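The values are calculated or read from the model by the stated rules, or taken from the named source; none is laboratory data. Please read these numbers as outputs of a predicted model, since none were measured by experiment. Ideal geometry is used to build each Cβ from the backbone, glycine not excepted, and the neighbour counts take in all protein chains shown. Keep in mind that these areas ignore ligands, DNA and RNA; they rest on the heavy atoms of the full protein, side chains included. Shrake-Rupley method; radii C 1.70, N 1.55, O 1.52, S 1.80 Å.
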Amino acid sequence: MAVSLPMTLLVRILCLAIFAGLLPMRVSAASPITIRDCADCPELVVVPRGRFMMGSDDGEVGRSEGPIHEVAIRAFALARTEVTVADFRKFVAATGYQVASGCRVQSSAIVKGERVGWEERSDAGWQAPGFIAPLTEDMPVVCVGHDDARAYAAWLSRVSGKAYRLPSEAEWEYAARAGSRGIYPWGSNADLGCEHANAYDRSARRQLDFGWGYVDCEDGYAELAPVARFKPNAWGLHDMIGNVWEWTADCYRETYEATPRDGSAVAGGFECAKWTVRGGGWMTRPSRNRLTFRGRDPVDARYSYFGFRVARDLD
């Protein structure tokens, strides 16, 4: 007689067997293992354990992406998308949390034929980030600093009883790569990325000339895009490249010479001058949308191209 197990129990048994090494883990965009811990929690994708070569020898001058080194990653869960305006609004409504006012946004005085600059505006913020197009609830929240991102993760931990956090820099690169070997998740040609990422493309360049290179394709968005409008990577994660830069848990170090090889973050507290951001954004030049490029910004950097996604430990 066949025995029928509840689906949640079956998934738990399979996960335990995978994490114990009894079964290989094969994750695909078509059938990722997903988790949702509570009604207000984001959907998470289980990222398999594994090893990968982190970094690159092709960094910009003064912005090292090396040395290339092997990192062992434990299985963990990562949000399928970047945290949205709607997600962040629930957090603010539940806690009364206040984000400091002010944000760096594109210049409001856009003159045709001139390059667009950036300005700090005290009246701009996560609810009014200064875009030309209207902000919608399914877009990534922007104009949030590192402390704001950690406060959101701490709230998720309280309401779910699970250990939410920001991903480490190594976890982020491993998950974004999803087993690929190219410069980008889709390969090594930036101009083939418009089905996969909201990058600085032809239409954005026509509307907002920031004075740097762009991808020679059309992704349909000149500025911010709603989450999950582009193809996921091989592990079912959306927008790992483009849309918004994502805060990580790492205090920035100039090289990987002394960074952990177990996937954990480089710890940092009040003394940390800059934190690492990854993935590039809607306005980023193609070379900085690469999987290995490392941004570095102070804890209170609130920009219209900075957001985040959350990770959590697995039981």
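Scan segment 236-272 for residues that are within 13 Å of the chain's Cα centre (by Cα) and touching a residue at least 60 places away in the same chain (Cβ under 8 Å) and report the count. Reasoning before the result, please.
Filtering segment 236-272 down to residues within 13 Å of the chain's Cα centre (by Cα) leaves 237-249.
Filter once more, keeping what is touching a residue at least 60 places away in the same chain (Cβ under 8 Å): 237-241, 243-249.
Here the count works out to 12.
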Exercise for the section: Mind listing just one residue for me: the one in segment 179-203 that is among the charged types (D, E, K, R) and open to solvent by 20 Å² or more (accessible area, probe 1.4 Å) and, of those, farthest from Val227 (Cα to Cα)? Expected result: Arg181
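In segment 95-127, how many residues are in contact with a helix residue (DSSP H, G or I) (Cβ under 7 Å, 6 or more places away or on another chain) and more than 18 Å from Met283 (Cα to Cα)?
Step one: of segment 95-127, the residues in contact with a helix residue (DSSP H, G or I) (Cβ under 7 Å, 6 or more places away or on another chain) are 95, 97, 99, 126.
Going one step further and asking which of them are more than 18 Å from Met283 (Cα to Cα), we end up with 95, 97, 99.
Result for segment 95-127: 3.
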Handout entry: Check on Asp300, in contact with a helix residue (DSSP H, G or I) (Cβ under 9 Å, 6 or more places away or on another chain), open to solvent by 30 Å² or more (accessible area, probe 1.4 Å) and in contact (Cβ under 8 Å) with a residue 24 or more places away in the chain
Key = yes
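Tell me, which helices (runs of 4 or more DSSP H) lie completely within segment 123-218 with 2 or more residues that are over 30 Å from Gly263 (Cα atoms)? Spell out how you get there, then give the answer.
Details: elements: 146-160, 169-177, 202-207.
Once the helices (runs of 4 or more DSSP H) in segment 123-218 are filtered for at least 2 residues that are over 30 Å from Gly263 (Cα atoms), what remains is 202-207.
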Fill in the blank from the handout: By residue number, the members of segment 161-178 that are in contact with a strand residue (DSSP E or B) (Cβ under 9 Å, 6 or more places away or on another chain) and either among the acidic types (Asp, Glu) or surrounded by fewer than 16 Cβ atoms within 10 Å (Cβ to Cβ) (or both) are Ala163, Glu169, Glu171, Glu173
Handout entry: Test for Gly242: is it surrounded by fewer than 21 Cβ atoms within 10 Å (Cβ to Cβ), within 27 Å of Trp126 (Cβ to Cβ) and not charged (D, E, K, R)
Key = no
Problem - Residues being on the phi > 0 side of the Ramachandran plot and under 18 Å from the mean Cα position of the chain (by Cα) - total across segment 218-232 - result: 1
